[in-house]
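The values are calculated or read from the model by the stated rules, or taken from the named source; none is laboratory data. Given the structure is predicted, the values throughout are model-derived calculations rather than measurements. All Cβ positions, even for glycine, are placed from backbone atoms using ideal geometry, and neighbour counts span all protein chains on display.
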Amino acid sequence: MARIEHKDWGIGEIITREGNRMTVRFNKVGKEMKMNIPKSFVLGIFEIDDELQKEVDDALEAEREDVRKEREEKEALRQQKQAEMAHQNSRSTTKRTGNIYTKVTLTGDMEKDFESFMRINGYSKKSLNGDKSTIYSYITSVKSIMRDEGLDWNELYQQISSIVPMYDIGGKKEDIGNKSNHTIINALRRFEDFANNSVSSTTENNNN
């Protein structure tokens, strides 16, 4: 039986033991004390033998290991959240559609940047039979609106939020927007998505 001695109550006898929980009776003073290993034995009021000291040390090390694991889990969770935030910063939600797009960095060639935006977000350049497909149709449609409105690429980029409602449902040019099975308005919407999900190279460098 392990030996426990209280500095005031004398030698104690362990009368019950369940895991780290024990009840000790100090016959000298007729007191019983319930205590936990290891916390009760780091208070400086007990002396214990080698057998119990090893149990205390093992229990303390187990507690330290639990604390280390908890810290590691918290750190892993923190890093995961940071990674998710970084990923979210590289993508943006368009308010009108709720769709999420990968951003593009503007190079100065707005037409190519618009094409790149559509390509990296899953729009096809050619159909299955090799014909020019969605990207070509949308660029051609946007160019036709630019001619009608007397705008260049940069001007359309700056004004797209006011241009789209004109060609959208209820707009004064809705009939034009509905042409070619709604290709015109869909192209303008994608250009608006592009404008909302593009950053200048200067902005990106400043963020870095």
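The set of residues from segment 166-181 being surrounded by fewer than 15 Cβ atoms within 10 Å (Cβ to Cβ), under 39 Å from the mean Cα position of the chain (by Cα) and in a helix (DSSP H, G or I) comprises just one member, Asn181.
Conditions tested, residue by residue: (1) part of a strand (DSSP E or B); (2) within 46 Å of the chain's Cα centre (by Cα).
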{"position": "Ile11", "(1), (2)": "yes, no"}
{"position": "Arg17", "(1), (2)": "yes, no"}
{"position": "Arg25", "(1), (2)": "yes, no"}
{"position": "Lys28", "(1), (2)": "no, no"}
{"position": "Met35", "(1), (2)": "yes, yes"}
{"position": "Ser40", "(1), (2)": "no, yes"}
{"position": "Glu47", "(1), (2)": "yes, no"}
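Among the residues of segment 31-41, not a single one is charged (D, E, K, R), surrounded by 15 or more Cβ atoms within 10 Å (Cβ to Cβ), modelled with pLDDT of 80 or more and not assigned by TED's automatic domain parsing to the domain that holds Tyr101.
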